[in-house]
Amino acid sequence: MTYFIDTHCHLASLSYQSQGFKSVKEVVDRALSVGVSHLLSVSCTTKEFYKNLELTKGFNNIYLALGIHPLNLEEEPNWSEKELKDLLLSDKRVIALGETGLDYHYSPENKKEQLESFAKQINIAKEVCKPLIIHAREAKDDTLALLRSENAKDVGGVIHCFTDSVDMARQCLDLGFYISFTGVATFKASDNVREVLKYVPNDRLMLETDCPYLAPVPVRGIENEPAYCRYTLKYIADFKGMSEDSLASITSQNFENLYKVKLKEPNVTVGECSTYKLDKFFNVSFEK
């Protein structure tokens, strides 16, 4: 099994004790045991970033990203542009600005504040030369308009957890962005996502968990974790008529291309996870 990447997770948001995790190392070990070799842990506030930084200290296979999420603006209504820039440049593992963007589904009442925050962050990304990780929910027109008006194409990025239309995907691809898919692609009602999967070329496709959210079938309904990216890989590889190794290799290369990194062998030793197997929840055996 070729190793591959969970390109978007929230390690600081996992419920460690209630899920039986003792540490980030155990989460990483479980991921490694099924071929998920590298993680990009995303922060949605500066407070979360400091927690992420501490949790992941010493792991050369965990990258970081920081942005001010549109649904977290109430927590940091007066976030500092200088602090955000400084933090984005504070550690070589920080490879992207995000998660940022627009969300009119859960927070339509503060569109003005969201638009202002998003525009500022696009320009900060250009200043620090880091790609964008975009959250866009029920905000297609404004998202595309800002990406164009603020010249987001200069740094590029990824539309994460893509659940919009083929037309939205087409316009994002035209702007040079990648499209990332979560376990939502495995849901029975997600025909629209699968239509986009057919459309997006392999060299612009990424995979993610968005954990602790959106666990894929067959573990839907429980807290998600990076190891479960393997289920999404398997499903999408089958859907596209590819081998898992081929899709893993392609999406890993896409990650390297977007974030301008060269993946290294992780400096962690896979521990004994005797109480944990993916097939604990489903009668499927994954071979590395």
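The values are calculated or read from the model by the stated rules, or taken from the named source; none is laboratory data. In this text the structure is predicted, and so the values were computed from the model without any measurement. Every residue, glycine as well, gets a Cβ built from its backbone with ideal geometry; the counts of neighbours run over all protein chains shown.
Summary table
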{"item": "Of all residues making up the range 169-183, the number that are surrounded by 20 or more Cβ atoms within 10 Å (Cβ to Cβ) and free of Cβ contacts under 8 Å to residues at least 40 places away in the same chain", "result": "3"}
{"item": "Residue under evaluation residue 57, criteria (1) buried (at least 21 other Cβ atoms within 10 Å of the Cβ); (2) under 19 Å from residue 12 (Cα atoms); (3) not aromatic (Phe, Trp, Tyr), criterion not met", "result": "(1)"}
{"item": "Long-range neighbours under 6 Å by Cβ, at least six apart or interchain, first residue under 17 Å from residue 249 (Cα atoms) within the range 26-40, second among the charged types (D, E, K, R) and modelled with pLDDT of 90 or more", "result": "34/230; 36/6; 39/6"}
{"item": "Flag for residue 244 being buried (at least 19 other Cβ atoms within 10 Å of the Cβ) and over 17 Å from residue 9 (Cβ atoms)", "result": "yes"}
{"item": "The range 112-166, residues that are among the acidic types (Asp, Glu) and in contact (Cβ under 8 Å) with a residue 24 or more places away in the chain", "result": "113, 127, 138, 142, 150, 154, 164"}
{"item": "Which numbered condition residue 99 fails, given (1) over 30 Å from residue 144 (Cβ atoms); (2) crowded, with 23+ Cβ neighbours inside 10 Å; (3) charged (D, E, K, R)", "result": "(1)"}
